[in-house]
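Trainee: Following this message is one structure expressed as structure tokens.
The values are calculated or read from the model by the stated rules, or taken from the named source; none is laboratory data. As the structure is a computational prediction, the values presented were derived from the model and not from experiment. Using ideal geometry, Cβ is built from the backbone for each residue, glycine included, and neighbour counts are taken over all protein chains shown. Note: areas computed on protein heavy atoms with side chains; ligands, DNA, RNA excluded. Shrake-Rupley method; radii C 1.70, N 1.55, O 1.52, S 1.80 Å.
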Amino acid sequence: MSKRSLSFICQNCGAASHRWQGKCEACGEWNSLAEEGAERAGPGRKPPKGRLFALEGLAGEARDAPRLASGVAELDRVTGGGFVRGSVLLMAGDPGIGKSTLLIQATAALARAGHRAVYISGEEAVAQVRLRAERLGLRDAPVELAAETSVEDIIATLSEGKTPRLIVIDSIQTMWTDMVESAPGTVTQVRGAAQALIRYAKKSGAAIILVGHVTKDGQIAGPRVVEHMVDAVLSFEGDGTHQFRILRAVKNRFGPTDEIGVFEMTGSGLAEVANPSKLFLSERDLGQPGTAVFAGMEGTRPILVEIQALVAPTSLGTPRRAVVGWDTSRLAMVLAVLEAHCGVKLGGHDVYLNVAGGMRIHEPAADLAAAAALISSLANAPLASDAVYFGEVSLSGAIRRVSHGAARLKEAAKLGFTRAVMPESAKGEAGDPGLQASTVGNLTHLVADIAALGKPGKAAKKPGQDG
Ligand code: TYD
Ligand code: MG
């Protein structure tokens, strides 16, 4: 039997195949298979005999203070209170979003607090990293810096002396290990390098952050296969046109996955945004139709954002539906409910929906605010600028209760809002934050209320039923 030392690995999903194919059978991606050397423990080899180890009970003694707060509060919020000893975290994001900037800031903060913190860059030269640190005012922080790409060299160097508390590897795609024969940047290499670093973290107790670039078309191999191996995956989001950046936990073995951290990219690095609602509402077009303020929740934190809608007559056979920052199928559902139950005809209109400030909303509670913005735009009736909206729309048109009503109202009151439009059933739990609550039981009522606001004579097309 001939020993097979090569196989074809899909650079998108990591599936292995014995021969080259145009299309990956596992994930359906075209032209994604590349030839890679097999890992050294090939199928021909007899597996070595394992070492015996003791199994333990759950009730054993827990180790000492396992978390280390980074000193960057927004980052600690997302990790669940700091970096866990011996854990490995993947920080994924588009190139240029600010991963290196955030991590050099976190490393410097830890080093200043007296912990051993190491920053290994595989992408930039030491001089470049220094230049950035200087610009960020971090030159005096005792960070240990190197530009290296060999995992074996890195682990050998770090094993000398006191174990570092935090090691940043920027980025995992540039690392390579001798244990694997493939070229750097391929899935096998990335996986091999990540495995070696994870093993080092578990053994030594150091926390490691791996940086991973992800492009929209999955061009660069790696982060997807690494996601399964690490303890936490943080995704750094935002788009080039906004200075806001949102850090979100996608997976977290040691903390919550619904918290977000908000940063602002400034001339001197990433600044923490302690009150995101204020920031997202800073540029409101008051008195314009088609905007509604949504009282949302991100984890334990209430966040107010403006939802903007534009409903305009179309000249196309198939009207356009475009959404930024919200779910397309959620919009389709709200539009269908408006058409089916509220008599609002949108078939001849293009619909655009945008969440201001580059924020992405994942909550169904935004349905009511989105519907209000849509109806307001269609009826050309500006909504009251001091009102917030929240509630889930069901397929029957009923407005359903959502969680954390009290926290949403409290945040709205804090920012000077005086009215809340919310589900009927939320009234009892809301407490008394000083807001005037208008409850809606059904989307039909909202349509009627907004149509009644429309300026007489100017209203484009009254969508109302009985208003
Ligand atoms: P960077 O951290 O290098 O991104 P990544 O590591 O995710 O690829 O950030 C690069 C961008 O950030 C770059 O376009 C310039 C901008 N930036 C600032 O606006 N201000 C700053 O102080 C720094 C350091 C970067
Ligand atoms: Mg970088």
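Trainee: To the nearest 10 square angstrom, what accessible area does Phe254 show with a 1.4 Å probe?
Mentor: The accessible area of Phe254 comes to roughly 90 Å².
Trainee: Just the number, please: carbon plus sulfur as a percent of the accessible area of the stretch 279-451, 1.4 Å probe, no ligands or DNA/RNA counted.
Mentor: It is 51 percent, rounded to a whole number.
Trainee: What accessible area, in Å² to the nearest ten, does a 1.4 Å probe give for Met179?
Mentor: Counting only protein heavy atoms, Met179 exposes about 120 Å² to solvent.
Trainee: What is the Cα coordinate range of the chain on the first, second and third principal axes, sorted by size from largest, in whole angstrom?
Mentor: For the chain, the Cα extents along the three principal axes come out at 80, 54, 50 Å.
Trainee: A further question on this structure: Could you state how much accessible area Ser403 has, in square angstrom rounded to the nearest 10, with a 1.4 Å probe and all protein chains kept in place?
Mentor: 70
Trainee: Determine the order of Glu29, Glu259 by accessible area, beginning with the largest, at a probe radius of 1.4 Å.
Mentor: Final ranking, largest accessible area leading: Glu29, Glu259.
Trainee: Still on this structure: How would you order 146-157, 70-81, 167-178 from highest to lowest mean count of nearby Cβ atoms within 10 Å?
Mentor: Highest-to-lowest ranking by the protection proxy: 167-178, 70-81, 146-157.
Trainee: Accessible area, 1.4 Å probe, largest first: how do Thr266, Thr241 sort?
Mentor: Thr241, Thr266
Trainee: A follow-up question, please. Test of understanding: express the Cα radius of gyration of the stretch 196-304 as a ratio to 2.2 N^0.38 Å, with N the residue count.
Mentor: Ratio of Cα Rg to 2.2 N^0.38 Å: 1.34.
Trainee: Something else: Can you give the calculated 222 nm mean residue ellipticity of the chain, where each DSSP H run of n ≥ 4 adds -39,500 (n - 2.57) and the sum is split over every residue, rounded to the nearest 500 deg cm²/dmol?
Mentor: Helix contribution divided over all residues of the chain: -7500 deg cm²/dmol.
Trainee: Grab the Cα-Cα distance for Thr318 and Lys345, subtract it from 0.36 nm times how many residues apart they are, and report the gain in nm with one decimal.
Mentor: Computed gain between Thr318 and Lys345 is 8.3 nm.
Trainee: Oh, and also: For the stretch 67-274, what is the number of Lys pairs with C-alpha distance below 23 angstrom, counting only pairs 8 or more positions apart or on separate chains?
Mentor: Here the count comes out as 7.
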